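All remarks here apply to the structure that follows.
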């Protein structure tokens, strides 16, 4: 899973965010869209990225915007445009420490097989002891 922040110049240069999985194709495709002027701001493979958008220019007085990318935009196809983050001027996009980590995949539990219980009452006896017992032969010592 990849998360991309980009300035989409076919949409007035606004900041867009998209989440996708790279697809294997026979021909080369641009993951940033068809417009050659699109600018990549951030590309991360973090499962739950936490981003901070810092405003600039005439909008520099605004507080930075914190975004949980996984909640902000759903995973779409490789060619999807993404979701617009803001129409304000953006100075920077910073990746912050994620607020949560992916849950580790549970390891399959090893089934403990109980030791086989030997129900044979003669298991500790030798063959000659068993033969003697069957024939009625007794031992002196």
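Restricting segment 19-61 to residues that are modelled with pLDDT of 85 or more and surrounded by fewer than 10 Cβ atoms within 10 Å (Cβ to Cβ) leaves a set whose member that is farthest from residue 78 (Cα to Cα) is 61. Which residues, taken from segment 101-141, are touching a helix residue (DSSP H, G or I) at 6+ places or on another chain (Cβ under 9 Å) and either loosely packed, with under 10 Cβ neighbours inside 10 Å or within 30 Å of residue 46 (Cα to Cα) (or both)? Correct list: 138, 139. Being surrounded by 10 or more Cβ atoms within 10 Å (Cβ to Cβ), at pLDDT 80 or above and within 18 Å of the chain's Cα centre (by Cα) is a property that residue 80 lacks. Pairing each residue of segment 107-132 that is on the phi < 0 side of the Ramachandran plot and part of a loop (DSSP other than H, G, I, E, B) with any residue that is at pLDDT 75 or above and surrounded by 10 or more Cβ atoms within 10 Å (Cβ to Cβ), provided the two are 6+ apart or on different chains, yields C-beta distances under 7 Å for 122/130. Would you check if residue 10 is at pLDDT below 85 and part of a helix (DSSP H, G or I)? So residue 10 passes the test.
If you scan segment 62-77, which residues turn out to be within 24 Å of the chain's Cα centre (by Cα), surrounded by 14 or more Cβ atoms within 10 Å (Cβ to Cβ) and farther than 11 Å from residue 3 by Cβ? Passing the criteria: only 76. For the criterion of being within 18 Å of the chain's Cα centre (by Cα), surrounded by 14 or more Cβ atoms within 10 Å (Cβ to Cβ), farther than 14 Å from residue 7 by Cβ and modelled with pLDDT of 85 or more, residue 97 fails. Just the residues that are in contact (Cβ under 8 Å) with a residue 12 or more places away in the chain, within 15 Å of residue 7 (Cα to Cα) and either under 24 Å from the mean Cα position of the chain (by Cα) or outside any loop (DSSP other than H, G, I, E, B) (or both), please, taken from segment 30-50. Result: 31, 32, 39, 40, 41, 42, 43.
The values are calculated or read from the model by the stated rules, or taken from the named source; none is laboratory data. Because the structure is predicted, anything quoted here is derived from the model rather than measured. Glycine gets a Cβ as well: all are built from the backbone with ideal geometry, and neighbour counts include every protein chain shown.
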